[in-house]
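The values are calculated or read from the model by the stated rules, or taken from the named source; none is laboratory data. What you are looking at is a predicted structure, and each value in this text was computed from that prediction instead of being measured. Quick reminder, even Gly has a Cβ in these numbers, built from the backbone with ideal geometry, and neighbours come from all protein chains shown. These area figures cover heavy atoms from the full protein model, side chains too; ligands, DNA and RNA do not enter into them. Shrake-Rupley method; radii C 1.70, N 1.55, O 1.52, S 1.80 Å.
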Amino acid sequence: MPTLGPRQSGALHRLERTMPFSHGYPVATDIDYRRFGRFLNHMINNCGDPWHDPIYPGHAMDAERDVLAWTADLLHAPPGWHGHMTNGGSEVNLDALWQARTKLPNAIVYTSTAAHYSVRKACDLLGLPVVPVATDRYGEMDYASLRALAGRHRARPAIVVATCGTTFTEACDKVPRVHDALDEAGIGHRWIHVDGALALIPRALTGDGGWFDLTVANSACFSFHKFLGVPMPAALVISRSSPHRPGPAISYIGVPDTTISGSRPGLAALMACYAIDRYGHDGHRHRTELARDLADYTSQQLTGIGWPTWRNPGAFTVLLRPPPRHVTARWALPVDGDWARLICMPGKTRRHINTLITALKQT
Ligand SMILES: Cc1ncc(COP(=O)(O)O)c(C=O)c1O
């Protein structure tokens, strides 16, 4: 096999050197996808609506449909649900907000100040006005603020983007409480989207689904490259309604154009499908429990050395007082204000945490 060029060798060297110390980003590393090497010689493109097979044979639409059906079942989606995969988490938020705007053209979007930056960007692209809603000190939406803000615009429908696992503190907004706030504000027409990039699947599997599943929300999404550790960005959006732009098949691809991006990564669908089949509900629940145990262990170790720390219940994310710059840089720990973030994703072990604790003790 020809050897890699200097750019590729350099990238590989950097990945192998830095990734074992990378504790600040939500990437699971316990599922081995190396068996997919044989697929790398094929351009696998899921283009267009996943419920039809395109003319181009290099697709994996069946795998995408399997992942969607699994998710629909987990989230108790009612009959008539629809969904598709995307190139990442920002695109699913854009897609969900586009669907919501189609149903409620005159709506105002409410989302917490802890929501991912892609939500504001999507609203900007769609020309939707956004009202930021305060959070409590742990990052969960403040429902009293939502009620007060929505009450000022009760003549207009509401689109609320709730987050299941906020980017920095992994807080989870509770959709039933969003409904209560909108009821009290006198708003009838609404669309609730749940951005569950990181936490939707582990939370749904461990009993929190009633806060955000499709019996209470209109749409939801999660990313494949976070909890499932798929080694390329991809995500999925699922909604209770049928596609908002069904349309006829596009002749040159042979399927309807219901998605934002045309080309979508078929290999990611195959990998997510593999992760789902290989582990099943019990296996993914176990992965979740191991990661939460490690987060508990990390909190205890930090407390043991007198390092201020806190964590939202059930979260993989541990917040800690920002260590000195050389430590945050080596362990790739992002800092926001008074706190740094460490995420105990499946694949991390006590050995990883112990190394970091030793470094903190030496500061
Ligand atoms: C809550 C949340 N939503 C959306 C995203 C966006 O995902 P992507 O970077 O795949 O576009 C992230 C990324 O970290 C996130 O944390």
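List of remarks:
- Residue in the range 173-194 that is near the ligand (Cβ under 10 Å from one of its atoms) and open to solvent by 10 Å² or more (accessible area, probe 1.4 Å) present: no
- The set of residues from the range 171-212 being over 18 Å from residue 312 (Cβ atoms) and in contact (Cβ under 8 Å) with a residue 60 or more places away in the chain comprises 189, 190, 191, 193.
- The range 217-246, subset among the small types (Gly, Ala, Ser) and away from the ligand (no atom under 12 Å from the Cβ), residue farthest from residue 84 (Cα to Cα): 229
- Residues in the range 72-88 that are within 16 Å of the ligand (Cβ to nearest atom) and open to solvent by less than 20 Å² (accessible area, probe 1.4 Å): 4 in all.
- Selection status of residue 220, surrounded by fewer than 18 Cβ atoms within 10 Å (Cβ to Cβ) and among the aliphatic types (A, V, I, L, M): no
- Filtering the range 146-155 to residues that are closer than 30 Å to residue 317 by Cα and either part of a loop (DSSP other than H, G, I, E, B) or in contact with a Gly (Cβ under 7 Å, 6 or more places away or on another chain) (or both) leaves nothing.
- Scanning the range 6-34 for residues that are of a type in the set (Ser, Thr, Tyr) and open to solvent by less than 50 Å² (accessible area, probe 1.4 Å), we see that the one that is nearest to residue 328 (Cα to Cα) is 22.
- Residue count for the range 114-141 satisfying the condition of being away from the ligand (no atom under 16 Å from the Cβ) and within 26 Å of residue 320 (Cα to Cα): 3.
- For the range 304-311, the criterion of a residue being touching a residue at least 40 places away in the same chain (Cβ under 8 Å), farther than 25 Å from residue 218 by Cβ, in a loop (DSSP other than H, G, I, E, B) and among the aliphatic types (A, V, I, L, M) is satisfied by at least one position.
- Meets criteria (away from the ligand (no atom under 14 Å from the Cβ), open to solvent by less than 10 Å² (accessible area, probe 1.4 Å) and not assigned by TED's automatic domain parsing to the domain that holds residue 343) for residue 200: no
- Cβ pairs under 7 Å, 6+ apart, first in the range 110-121 and touching a residue at least 60 places away in the same chain (Cβ under 8 Å), second more than 8 Å from the ligand (Cβ to nearest atom) and charged (D, E, K, R): 112/173
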